[in-house]
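A short write-up of the structure that comes next.
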Amino acid sequence: MRRTLTITLHWLNLMLLLFVLGDGGATVWLSLAYAASALGMCALALALGLMNGPGPKLTGAVRALHPWLHRALYLLLAWGAVALAAETLGHALPGPEARKLLLALLAASALHATFNLWRHTALGDGALRRITPRAVHHIL
């Protein structure tokens, strides 16, 4: 159940983020759906510990940085979601506008995905198998 929830939320957040950014002037419902999904993922990560550990094959500075980079991703996810929800509902928050935060989140997500691809291929630790549905494991 936990694995399914983690996978679903990761992919749902990515798809909704792309829809919100691709729409330009995203609809109210799409923006609020993304914000709810993102904040839900953050809440579940805090409550259930959805953040995976660095894995035994990561060593040195990368291993030490791993949990902090994960926390930074969740912080950016929550910040962007709150900013988007506030802007959608007609409120301005101090700080960067929501679109800039969401673009930064998309860039950070791309780095996160690239890092996990490296882990999966170079280290052979199965990082991609943990975050993809079992139906695509025959490809990996």
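The values are calculated or read from the model by the stated rules, or taken from the named source; none is laboratory data. Please read all numbers here as calculations on a predicted model, not as lab measurements. We place every Cβ from the backbone using ideal geometry, glycine too, and count neighbours over all the protein chains shown. For the accessible areas, the whole protein counts, side chains as well, though only heavy atoms, and no ligand, DNA or RNA atoms are used. Shrake-Rupley method; radii C 1.70, N 1.55, O 1.52, S 1.80 Å.
Can you tell me which residue is farthest from the chain's Cα centre (by Cα) among those in segment 38-57 that are touching a residue at least 40 places away in the same chain (Cβ under 8 Å) and assigned to a helix (DSSP H, G or I)? Explain how you work it out, then say what you get.
Of the residues in segment 38-57, the ones touching a residue at least 40 places away in the same chain (Cβ under 8 Å) are 38-39, 48, 50, 52, 55-57.
Adding the requirement that they be assigned to a helix (DSSP H, G or I) leaves 38-39, 48.
Values: A38: 8, L39: 11, L48: 16 Å.
So, considering only residues that are touching a residue at least 40 places away in the same chain (Cβ under 8 Å) and assigned to a helix (DSSP H, G or I), the one farthest from the chain's Cα centre (by Cα) is L48.
Which of the residues spanning segment 94-136 are surrounded by 14 or more Cβ atoms within 10 Å (Cβ to Cβ) and under 21 Å from L32 (Cα atoms)?
Once the filter is applied, which keeps residues that are surrounded by 14 or more Cβ atoms within 10 Å (Cβ to Cβ) and under 21 Å from L32 (Cα atoms), segment 94-136 yields P96, A98, R99, L101, L102, L103, A104, L105, L106, S109.
Is there a residue being under 24 Å from T4 (Cβ atoms), part of a helix (DSSP H, G or I) and not β-branched (V, I, T) anywhere in segment 82-101? Walk me through it before giving the result.
Residues of segment 82-101 that are under 24 Å from T4 (Cβ atoms), as a first pass: none.
No, segment 82-101 contains no residue that is under 24 Å from T4 (Cβ atoms), part of a helix (DSSP H, G or I) and not β-branched (V, I, T).
Looking for something farther than 24 Å from D23 by Cβ and in contact (Cβ under 8 Å) with a residue 12 or more places away in the chain - is there at least one such residue anywhere in segment 80-93?
Taking segment 80-93 first, the residues farther than 24 Å from D23 by Cβ are none.
No, every residue in segment 80-93 fails to be farther than 24 Å from D23 by Cβ and in contact (Cβ under 8 Å) with a residue 12 or more places away in the chain.
So is V82 farther than 20 Å from S37 by Cβ and either surrounded by 15 or more Cβ atoms within 10 Å (Cβ to Cβ) or within 20 Å of the chain's Cα centre (by Cα) (or both) or not? Can you show your working first?
On the way: farther than 20 Å from S37 by Cβ: no; either surrounded by 15 or more Cβ atoms within 10 Å (Cβ to Cβ) or within 20 Å of the chain's Cα centre (by Cα) (or both): yes.
So V82 does not fit the description; no.
Just to verify a result, which residue in segment 46-57, among those that are open to solvent by less than 30 Å² (accessible area, probe 1.4 Å) and in contact with a helix residue (DSSP H, G or I) (Cβ under 6 Å, 6 or more places away or on another chain), is modelled with the lowest pLDDT?
For segment 46-57, the residue satisfying everything is L50.
On the given criteria, is A33 surrounded by 14 or more Cβ atoms within 10 Å (Cβ to Cβ), touching a helix residue (DSSP H, G or I) at 6+ places or on another chain (Cβ under 7 Å), in a helix (DSSP H, G or I) and without any contact (Cβ under 8 Å) to a residue 40 or more places away in the chain? Spell out the reasoning first.
Details: surrounded by 14 or more Cβ atoms within 10 Å (Cβ to Cβ): yes; touching a helix residue (DSSP H, G or I) at 6+ places or on another chain (Cβ under 7 Å): yes; in a helix (DSSP H, G or I): yes; without any contact (Cβ under 8 Å) to a residue 40 or more places away in the chain: yes.
In short, yes.
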